[in-house]
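Read-outs: derived from the displayed coordinates by stated rules, not from any lab. As the structure is a computational prediction, the values presented were derived from the model and not from experiment. Because the Cβ atoms are built from the backbone with ideal geometry, glycine has one as well, and the counts that use them run over all protein chains shown.
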Amino acid sequence: MNALHTNTKMGPVLKLEDLHRSFQQGGREIRVLTGASADIFPGQCVALVGPSGAGKSTLLHIAGLLESPDRGRVVVAGDDCGRLDDDHRTRVRRKTMGFIYQFHQLLPEFSALENVVLPQLILGRSRKNAEIRAEKLLSKLGLQDRLSHRPAELSGGEQQRTAICRALANNPRFILADEPTGNLDPKTSELVFQELIGLFQSEGVAALIATHNLELAQRMDRTLALADGLLIEDMPVA
C-alpha cells in the first residue's frame, strides 16, 4: 500500500491537533495524551501502535468524538468538532465515520444482513437500498451464503467480516479500528486483515487502526507510534 503520496493534496479527512487528556486515579493524575497531533488523509491506512496502556483506545475515542480532550482540536473533513453539542457530534459520527472493535459487537438477534442494514436505516436510507448495499459488502468478503445467519451461527472470522461491513455500510470518510483482528487466531487474522485492507481500498476510505501486531502495521501506508502521550510519525511504507 502507498496512498500517502497520492492523497495529501486533498487535505486531511481527520486532523488531530495538540490533544491532551488526563485522568484521576487513586488521588494522582495520569497524563495519557500530552500533545498528540496527526493528519490522516483520504485513502490512507494508518497503523496506530504502542504498548498496552499507552492510550491508543483513548486516542481513538477522542478521534471518534466519543470522548472530549482536555485540550486540543479534532477536525473532521475540515470541520472543527470541538464545540459541537452531543446531537451534532452523533450526526458527524454517523455520516463520516465507521468503527470496528476487537470484539464484533454484532446484535445477536439479527442476521448478518440485518446487522449491516440497521445503521443505514438509522441514517435514513430505504430498506431496499440498504439491503442492496449490505449484500454487496458482505459478498465482497465471501459471506454471500451467510446473509441470513445470526452471529452465533458464524465463525469468529465471519463475525468480524460482518462487523467490517457494518462499519462501511454508510459510506464513511474514514474508519477507526481498535485491534480489529486481535480476537482471531493467526491464520484467520491474516486472512481478515487482507480482506479488510482490500475492502478499504475498493471503498476509498481512510483508516486509523490500533494494533499490537507490528508485522501488520508495517504493511500499512504509515505507522504512528503513541509514546509518552505523543504521536511519533514513522516513515511511510514504500
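On the basis of the beta-carbon distance and an R0 of 35 Å, PHE23 and GLN105 show a calculated FRET efficiency of 0.90.
Whole Å is fine, so just give me how far the alpha carbon centre of region 202-225 lies from that of region 43-112. Between the Cα centres of region 202-225 and region 43-112 lies a distance of 16 Å. Converting phi to 3J(HN,Hα) with the Karplus coefficients 6.51, -1.76 and 1.60 and the offset θ = phi - 60°, region 172-178 yields x, 6, 8, 10, 10, 10, 10 Hz in sequence order, with x at every glycine or proline.
Number of Lys-Lys pairs in region 1-145 with C-alpha atoms under 29 Å apart and a separation of 8 or more places or on different chains: 10. Here the sum of -39500 (n - 2.57) over DSSP H runs of 4 or more residues, divided by the residues of the chain, equals -10500 deg cm²/dmol at 222 nm, to the nearest 500. The label-point distance for ASP185 and ALA77, in a model that sets each label 7 Å from Cα toward Cβ, rounds to 4.1 nm. Rounded to the nearest whole Hz, the Karplus-based 3J(HN,Hα) values (6.51 cos²θ - 1.76 cosθ + 1.60, θ = phi - 60°) of region 111-116 follow the sequence 6, 4, 4, 5, 5, 8, with x at glycine and proline.
Viscosity 0.890 mPa s, temperature 25 °C: Stokes-Einstein D of region 86-176 from its Kirkwood Cα radius, in µm² per second? Please report the intermediate quantities before stating the final value.
Working: Rh = 13.0 Å.
My calculation gives 188 µm²/s for D.
Taken one residue at a time, the phi angles of region 95-109 give Karplus couplings (6.51, -1.76, 1.60, θ = phi - 60°) of 8, 10, 10, x, 10, 10, 10, 4, 9, 4, 6, 6, 7, x, 7 Hz. Gly and Pro are set to x.
Among the trypsin sites (Lys or Arg not before Pro) found in region 1-105, those both in a DSSP coil and sparsely packed, with 14 or fewer other Cβ atoms within 10 Å of their Cβ, are ARG83.
Could you give the dipole magnitude of region 147-207 about its Cα centre, charging the beta-carbon of Lys and Arg +1 and that of Asp and Glu -1, in debye to the nearest 20?
Details: 5 positive and 8 negative charges, 41 e Å.
With only Lys, Arg, Asp and Glu charged at Cβ, the dipole is about 200 debye.
What's log10 of I(q)/I(0) for region 131-178 at q = 0.29 Å⁻¹, Debye sum over Cα points only, no solvent? Taking Cα atoms of region 131-178 as identical point scatterers yields -1.16.
How would you classify region 1-123 from its alpha-carbon gyration tensor, with a ≥ b ≥ c the square roots of the eigenvalues: rounded for a/c under 1.5, else prolate if a/b is greater than b/c, otherwise oblate? Don't skip to the end; give the middle numbers.
Working: a/c = 1.55, a/b = 1.20, b/c = 1.29.
Judged from the Cα gyration tensor, region 1-123 comes out oblate (a/c at least 1.5, b/c at or above a/b).
Taking amide H atoms as placed 1.01 Å from N in the peptide plane, list the residues 5 or more away in sequence, or in a different chain, whose amide H sits under 5 Å from that of GLY35. Correct list: LEU19, HIS20, ARG21. Near VAL13, the amide H atoms lying under 5 Å from its own belong to ILE40, PHE41; only residues 5 or more places off or on other chains count, and H is placed 1.01 Å from N.
When the chain is treated as a Gaussian network with alpha carbon springs shorter than 10 Å, the biggest mean-square fluctuation among THR162, THR34, THR223 belongs to THR34.
Note on SER68 and LEU214: the model spin-label points, each 7 Å out from Cα along the C-beta direction, lie 3.8 nm apart.
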